[in-house]
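Have a look at the structure below before the remarks.
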Amino acid sequence: MRALFTVLSIVIGIIGFVFVIQGGYYPRKYQAVLSENVSAVQVTQVYTEATHTIAVGVGIVGIAILVAVIGILFYTNKPLDEHTHPEDNSDTQLTDNPAA
């Protein structure tokens, strides 16, 4: 089950980073259009779409982090060694003659 959360978090994180990288290169795709005599509305539209793509990527990476944290929280209360019993620990047992 722990491997499922790890793999799921990694896959979602990679998808998010792909969106962030695409958003970073988005204005370069339209560099020929932007180099011409264009209006401010067209330039604003290109950069708004790039910002939107980056924001979606950051959101997806945030979901990947949330999945990783949920996976960690599922396993924080489980003992590391299943064969350890609390009654075997001599530090927690009370004795008849406490050390003075």
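The values are calculated or read from the model by the stated rules, or taken from the named source; none is laboratory data. For clarity, every value in this text was computed on a predicted model and none was experimentally measured. Neighbour counts run over all protein chains shown; Cβ positions are idealised from the backbone, glycine included. For the accessible areas, the whole protein counts, side chains as well, though only heavy atoms, and no ligand, DNA or RNA atoms are used. Shrake-Rupley method; radii C 1.70, N 1.55, O 1.52, S 1.80 Å.
Numbers at a glance
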read-out: Sites residue 36 and residue 58, calculated FRET efficiency, Cβ-Cβ separation with R0 30 Å, nearest 0.05; value: 0.45
read-out: Percent carbon-and-sulfur accessible area, region 1-50, ignoring ligands, DNA and RNA, probe 1.4 Å; value: 68
read-out: For peptides 26-38, 5-17, sequence by mean Cβ density within 10 Å, most packed first; value: 5-17, 26-38
